[in-house]
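Structure first, commentary second.
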Amino acid sequence: MNIRSIIAADGLPRRAFTVAEVERMVEVGLIEEGERVELVEGELIPMSPKGNEHEIVKSALNIRLARLCPPDLMFVPETTLRLSAETFLEPDFVIMSRATGIRGLTAATALLVIEIGVSSLAYDLGRKARIYAAFGVPELWVIDAGSRIVHVHRRPGPDGYADITPWHADHLIRPEQAPAFTLRLADLDLSD
């Protein structure tokens, strides 16, 4: 058996997994279907539990995206974005062409990825944003649910996004490849 390993930050070896192996673990029940994990360069990373602020923003954004969605585009909440054989992420929303469909979803076919951060904000703005950029996701929005700021990431490259702009809740943000999804965070109903 050929078991791939990686060396972790602490210098100790780790067993590296592939997307196919993780999907099989879910099939046989080693990982529960609803368990929130991401796979980054072969390493399984548990995701933070979602708190109230995250869910309030996600729910309001889900309603807004549904109202804005034109017939040629679609948005998918909490889907698995397979980036390579060793990496998948679970963004809060992905916007893509309807012709692409879920089976055709890749970094190249995603028009916009949206992450909502509270406890995971540093990870979303740091390592996760660099991963999206390295795989060529053209635009990433990281919504800081606490401060109501949208960090818009554009111009991906191997080392990260070249253009990162914070937009406050009253600013109108227009995605470059999906302008139908223009959004002003202040227009969302964020009451509980």
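The values are calculated or read from the model by the stated rules, or taken from the named source; none is laboratory data. These numbers come from a predicted model, not from an experiment. Cβ placement follows ideal geometry from the backbone for every residue including glycine, while neighbour counts extend to all protein chains displayed. Ligands, DNA and RNA are excluded from the accessible area calculation, which covers all protein heavy atoms including side chains. Shrake-Rupley method; radii C 1.70, N 1.55, O 1.52, S 1.80 Å.
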Of all residues in the range 23-39, which are assigned to a loop (DSSP other than H, G, I, E, B) and of a type outside the set (Lys, Arg)? GLY29, LEU30, ILE31, GLU32, GLU33, GLY34, GLU35
Can you go through ALA122, ALA186, ALA180, ALA169 and tell me which one is touching a residue at least 40 places away in the same chain (Cβ under 8 Å), over 23 Å from SER84 (Cβ atoms) and small (Gly, Ala, Ser)? ALA180
Considering ALA108, ALA169, which residue is out of contact with any helix residue (DSSP H, G or I) (no Cβ under 8 Å at 6 or more places or on another chain) and either of a type in the set (A, V, I, L, M, F, W, C) or open to solvent by 60 Å² or more (accessible area, probe 1.4 Å) (or both)? ALA108
Members of the range 90-101 found to be buried (at least 19 other Cβ atoms within 10 Å of the Cβ) and within 16 Å of LYS58 (Cβ to Cβ), listed by number: PRO91, ASP92, PHE93, VAL94, ILE95
Out of curiosity, is VAL113 among the hydrophobic types (A, V, I, L, M, F, W, C) and touching a strand residue (DSSP E or B) at 6+ places or on another chain (Cβ under 6 Å)? yes
Can you name every one of the strands (runs of 3 or more DSSP E) wholly within the range 82-159 that holds 1 or more residues which are modelled with pLDDT under 95 and under 21 Å from GLU41 (Cα atoms)? 87-89
Within the range 45-61, can one find any residue that is of a type outside the set (Val, Ile, Thr), part of a loop (DSSP other than H, G, I, E, B), on the phi > 0 side of the Ramachandran plot and open to solvent by 80 Å² or more (accessible area, probe 1.4 Å)? no
With respect to ARG154, is the statement that it is of a type in the set (Lys, Arg) and open to solvent by 50 Å² or more (accessible area, probe 1.4 Å) true? no
